[in-house]
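Chemist: Okay, handing you the structure first.
The values are calculated or read from the model by the stated rules, or taken from the named source; none is laboratory data. From a predicted model like this one, the values you see are computed outputs, not experimental measurements. Glycine also receives a Cβ, built like all others from the backbone with ideal geometry; neighbour counts cover every protein chain displayed. We work out accessible area using only protein heavy atoms, side chains counted, and drop any ligands, DNA or RNA first. Shrake-Rupley method; radii C 1.70, N 1.55, O 1.52, S 1.80 Å.
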Amino acid sequence: MANFDEKQSCSSNKQRPSTIASKNLLSSVKDIFHTLRALQEDKNNHSITYADEFQLLKKQADTINVLNFDYEDHEVFICEKLLTKVNDSNDESTLETSTSTEGDEGDLLAVLETETRPQPLTLKKARNLISWYTLSQNPNFHSVDDPSLRPLWVRCDMSDPARTVWVGAEGVYVSSKVNGINLYSVTCKGPVVNKSSLITLDELKEEHKRRHQPSTMAIKGSARFIMLGSTLVENTTIESKSNVTIDFKWNRVEKVLETPPLSSTATLNIKVASGDKKSPMFAMFRELQFVQFLADGLRTGDIEWMRSLESKSAVDLIKEYLEALQNPITLGQEQISEPTVADKEFTTPLFNTLLPRGDLDFVEELWVRMKKSVVCHQDIVDSLKLVIRALTCDEIKPWIHSDSSSFLSKLIRQSYDQKIERVSLEGLVPVQMFLEMGLDKMRKDYFNHLLGEELTTRNSLSYYENTEVDLQEQVVRLKKLHHLLEVVMTGKTFLNLPYEKCLLLTQMCLQHNKTSTYDEELEFKLQIQPSSITHFYQKEYPALWGVEVSSGQGPHRVRTSLQVSDRPLIDHVTFEAGHPDKNVDADNSEPAWFSTLFSCSFVKLV
């Protein structure tokens, strides 16, 4: 009997495999929950390593292509494979790599390029993580008061038959409590050059019905056309810092890749970076760049001088101008001088779109000559000495604008009464005087165009006209004014926007600049009528086209969507680039399309 009891006791201590598996599952669920919760609550940390294999990140959803149209500016969790750290130079493996033969360099570069992009997981591992996350959101699973977590998305390597690139999960809330989970799957195919190879609208509807059995469905279309921006050259995307796109949204979609109807809602998105040679403002940008160099020099004491655009020295140019002022006939001849090579670069109609000014005063004429010819600090000093000597000796009586605010303008007004104060042209004083001349002149250039085109009023420009702020702030405000005109002129020159839209765009920019810091990355959005831009998009292929089939209301709304694009929307896997058929003339054919299918399933939590 004793032996039997002992045997029974030993048997009872053995755990069944199912019990062990349950405990392991429970441990995994709790582990992923507490890891994500810690990351969610830590405002200063945006990534964490999990299980020595995965990397969990907090990211804004609008930075992820396949998520930005769903979550807008919300934060989500992203899971990817942990990147292997690069070894130190003393590591043996690094030394072996450095001695690779020339024939291996191409393979090595390909490996390095692959390892620098986000690394995906297999679908099996991704589903494990999603299942743990899903269980952790069930309020019946553990005693946490608030189990809610941000949505979790896991990168996948597309190795499964469906070519899955993302899986995701998100809690569905009713009265602040989780009552279900939306499970997401994103698959991608391409490139294909025949539209008939893409999923049809009827097939997309059937896919939605299969998952959700809806009584009614809503269908919405969207498209994005690139008017100005990045281009694809030899399978390589060349990104432009300036982007002009038009987004369309409409209902009653009839077929995949249909042209947006005239009843669509159209939004113009303009993001302009100064310095683009295609811009009608490029010549002004070069002048503004010189102003910035001077301002930086005042701040640091070291000025980055630009190459002279004149064959004559700055001193010789100023001497000639001062002598011409004393002889009206000579002055007339001097002002009709042969343009320099740099001037000729901007005499085409494209670069001649700003209203010309015929009222440059004496100080502005000095600036024009000096900015093209000074190549050192001494050039500024010598040029200003010539001007001040001519004023002191009463050799010239130059005309200046009544609102000119530079220090040199002040000296000129004093010369009218022959009471010029003594000026020490030591240190950075000449640079400051020169900078003031440029600021004054460029402000008037911009004002002249905005007021001449009746895009604003003088009172609206008082923010930029204020010279009570320091010179560095004046330069910042001048850059804001330049960027404003870059935006407006881009809309007018490249899109032929009507006056009313240019006026509205100007007011938007003016209002933004008064309350915000200078930011070239800002994108201005403007509602426009599709009929006003039909010549731009009706004969073009969209860069991105989408259709969404949805059903349900409120938190239980689910959707199935298709995105068709001329390049992959996924950055963590490698796709074939360009046209699969090398015999196709890409310039005269339809683009190679990539299709991204976004599917959703709702799981109710009991």
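Chemist: Quick check on my filter: what residues within segment 533-554 are closer than 26 Å to Leu67 by Cα and of a type in the set (D, E, K, R)?
Modeler: Glu540, Glu548 - these are the residues of segment 533-554 that are closer than 26 Å to Leu67 by Cα and of a type in the set (D, E, K, R).
Chemist: Follow-up. Residues to consider are Leu232, Leu257; find the one that is more than 30 Å from Ser136 (Cβ to Cβ), open to solvent by 80 Å² or more (accessible area, probe 1.4 Å) and either part of a loop (DSSP other than H, G, I, E, B) or at pLDDT below 90 (or both).
Modeler: Checking each option against the conditions leaves just Leu232.
Chemist: Right, here's the next one. Just for segment 163-190: of the residues that are at pLDDT 90 or above, within 24 Å of Leu135 (Cβ to Cβ) and open to solvent by 40 Å² or more (accessible area, probe 1.4 Å), which one is nearest to the chain's Cα centre (by Cα)?
Modeler: Top of the filtered list is Glu170.
Chemist: Could you please find all residues in segment 43-75 being open to solvent by less than 60 Å² (accessible area, probe 1.4 Å), modelled with pLDDT of 80 or more and among the charged types (D, E, K, R)?
Modeler: Scanning segment 43-75 gives Lys58, Glu75.
Chemist: Select from segment 377-400 the residues that are without any contact (Cβ under 8 Å) to a residue 12 or more places away in the chain and outside any loop (DSSP other than H, G, I, E, B) and write down the one among them that is most open to solvent (accessible area, probe 1.4 Å).
Modeler: So the residue we want is Arg389.
Chemist: Is it the case, given these coordinates, that Arg150 is open to solvent by less than 30 Å² (accessible area, probe 1.4 Å), in contact with a helix residue (DSSP H, G or I) (Cβ under 9 Å, 6 or more places away or on another chain) and charged (D, E, K, R)?
Modeler: no
Chemist: Restrict the check to segment 302-315 and report whether at least one residue is under 41 Å from the mean Cα position of the chain (by Cα), crowded, with 18+ Cβ neighbours inside 10 Å and either modelled with pLDDT of 95 or more or of a type in the set (Val, Ile, Thr) (or both).
Modeler: Yes.
Chemist: Also, I was wondering about something else. Looking only at segment 192-210, count how many residues are among the basic types (Lys, Arg) and modelled with pLDDT under 90.
Modeler: So the answer is 1.
Chemist: Okay, next question. Could you say whether any residue in segment 116-133 is part of a strand (DSSP E or B), farther than 19 Å from Gln60 by Cα, modelled with pLDDT of 90 or more and open to solvent by less than 10 Å² (accessible area, probe 1.4 Å)?
Modeler: Yes, some residue in segment 116-133 is part of a strand (DSSP E or B), farther than 19 Å from Gln60 by Cα, modelled with pLDDT of 90 or more and open to solvent by less than 10 Å² (accessible area, probe 1.4 Å).
Chemist: Considering only residues that are closer than 17 Å to Ile32 by Cβ and in contact with a Leu (Cβ under 6 Å, 6 or more places away or on another chain), which ones fall in segment 117-162?
Modeler: Across segment 117-162, the qualifying residues are Tyr133, Asn138, Phe141, Leu149, Val154.
Chemist: Quick check, is Val476 outside any helix (DSSP H, G or I), under 25 Å from Ile303 (Cβ atoms) and among the aliphatic types (A, V, I, L, M)?
Modeler: Against the criterion (outside any helix (DSSP H, G or I), under 25 Å from Ile303 (Cβ atoms) and among the aliphatic types (A, V, I, L, M)), Val476 does not qualify.
Chemist: Kindly provide the set of residues from segment 453-475 that are open to solvent by 50 Å² or more (accessible area, probe 1.4 Å) and either in contact with a Ser or Thr (Cβ under 9 Å, 6 or more places away or on another chain) or farther than 17 Å from Leu294 by Cβ (or both), ordered by number.
Modeler: Glu453, Glu454, Thr457, Arg458, Asn459, Ser462, Glu465, Asn466, Thr467, Glu468 - these are the residues of segment 453-475 that are open to solvent by 50 Å² or more (accessible area, probe 1.4 Å) and either in contact with a Ser or Thr (Cβ under 9 Å, 6 or more places away or on another chain) or farther than 17 Å from Leu294 by Cβ (or both).
Chemist: Can you pull out every residue in segment 148-167 that is of a type outside the set (S, T, N, Q) and either without any contact (Cβ under 8 Å) to a residue 60 or more places away in the chain or more than 26 Å from Val66 (Cα to Cα) (or both)?
Modeler: Scanning segment 148-167 gives Cys156, Asp160, Pro161, Ala162, Arg163, Val167.
Chemist: When the residues of segment 491-512 are narrowed to those that are closer than 18 Å to Thr245 by Cα and among the charged types (D, E, K, R), which ends up modelled with the highest pLDDT?
Modeler: Lys501
Chemist: Inside segment 191-222, can you point out the residues that are under 31 Å from the mean Cα position of the chain (by Cα) and among the polar types (S, T, N, Q)?
Modeler: Ser222 - this is the single residue of segment 191-222 that is under 31 Å from the mean Cα position of the chain (by Cα) and among the polar types (S, T, N, Q).
Chemist: Where residues in segment 417-429 are touching a residue at least 24 places away in the same chain (Cβ under 8 Å) and in contact with a Leu (Cβ under 8 Å, 6 or more places away or on another chain), which of them is surrounded by the fewest Cβ atoms within 10 Å (Cβ to Cβ)?
Modeler: If we take residues in segment 417-429 being touching a residue at least 24 places away in the same chain (Cβ under 8 Å) and in contact with a Leu (Cβ under 8 Å, 6 or more places away or on another chain), then Leu425 is surrounded by the fewest Cβ atoms within 10 Å (Cβ to Cβ).
Chemist: Looking at Gln432, Gln414, can you tell me which residue is open to solvent by 30 Å² or more (accessible area, probe 1.4 Å), in a helix (DSSP H, G or I), out of contact with any Cys (no Cβ under 7 Å at 6 or more places or on another chain) and at pLDDT below 95?
Modeler: Of the residues listed, the single one that is open to solvent by 30 Å² or more (accessible area, probe 1.4 Å), in a helix (DSSP H, G or I), out of contact with any Cys (no Cβ under 7 Å at 6 or more places or on another chain) and at pLDDT below 95 is Gln414.
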